[in-house]
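Reading through the structure tokens given below for one structure.
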Amino acid sequence: MANEVGYVPLKWLDDVPGIQDGTPINANNLNRIENGVLANDALATMLAQEVLQHRRALADQEGEVKTVSLTNTQAYPFNNSLTTVSLTKSRDTLNYRIFVEPQSVTGGFAGSIIIKDKALNGFKIGYDGSATVVTLKVWVIGGMYQ
């Protein structure tokens, strides 16, 4: 029946009187077929689950890129640059990652980039420096199926 390499088919023979005996249709041979079908069904189910997990892992790597311009109208050390960023695609969990790359800084220094108040459909981002305008490239990755 099954071995290390999988199901080995049984060669069935027709019964030809006086020339060859046919393969008997009996419980042993029929159960062999049933066991082979059952093993292949279990394998197909496991492979379908694995494909689903891979699809979810790939979807979780799907992200979006945004350019965000932050403005501060207060004198340093005060800062009111905190801005809400909406996500194009809502996430299933707050387990998404945000990567930031400054593109330009005007009127001072940016200081640290602050990310807070993550939600399924967005988050808040700002900076704590003296700059009047900071433009950021923001990557959001993950948050799906975890």
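The values are calculated or read from the model by the stated rules, or taken from the named source; none is laboratory data. Everything quoted here is computed from the prediction, not taken from an experiment. With ideal geometry, Cβ positions are generated from the backbone for all residues, glycine too; neighbour counts draw on all protein chains shown. For the accessible areas, the whole protein counts, side chains as well, though only heavy atoms, and no ligand, DNA or RNA atoms are used. Shrake-Rupley method; radii C 1.70, N 1.55, O 1.52, S 1.80 Å.
I'd like the carbon and sulfur percentage of the solvent accessible area for region 1-129, probe radius 1.4 Å, heavy atoms only, ligands and nucleic acids excluded. Roughly 56 percent, rounded to a whole number.
Pairing the Cα long axis of helix 27-61 with the longest principal axis of the chain, what angle in degrees results, from 0 to 90 and rounded to the nearest 10? Around 10 degrees separate the two axes.
Between Asp21 and Leu43, the FRET efficiency from the beta-carbon distance, with R0 = 25 Å, is close to 0.15. In the chain, excluding the sites themselves, the longest stretch lacking any of the chymotrypsin sites (Phe, Trp or Tyr not before Pro) that are in a DSSP loop with at most 14 other Cβ atoms within 10 Å is 13-77. In this entry, the chain is assigned a mean projected area of 14.2 nm², taken as a quarter of its C-alpha convex hull surface. The packing ranking, built from the mean of other Cβ atoms within 10 Å per residue, places the peptides 70-76, 17-23, 29-35 in the order 70-76, 29-35, 17-23, highest first.
Across the chain, the relative contact order, built from alpha-carbon pairs under 8 Å that are at least six residues apart, equals 27 percent. Accessible area per residue for the chain is 67 Å², calculated with a 1.4 Å probe on protein heavy atoms, without ligands, DNA or RNA. The alpha carbon centroids of region 1-73 and region 112-145 are separated by 44 Å. The per residue volume of the convex hull around the alpha-carbon atoms of region 45-117 is 112 Å³.
Using the Cβ-Cβ distance between Lys11 and Ser90 with R0 set to 35 Å, the FRET efficiency from 1/(1 + (r/R0)^6) comes to roughly 0.05.
Peptides 52-61, 84-93, ordered by how many other C-beta atoms sit within 10 Å of their residues on average, highest first, read 84-93, 52-61.
Listed by chain and number, the lysines placed with their C-alpha closer than 26 angstrom to that of Lys137 are Lys66, Lys89, Lys116, Lys118, Lys124; residues fewer than eight positions away on the same chain are left out.
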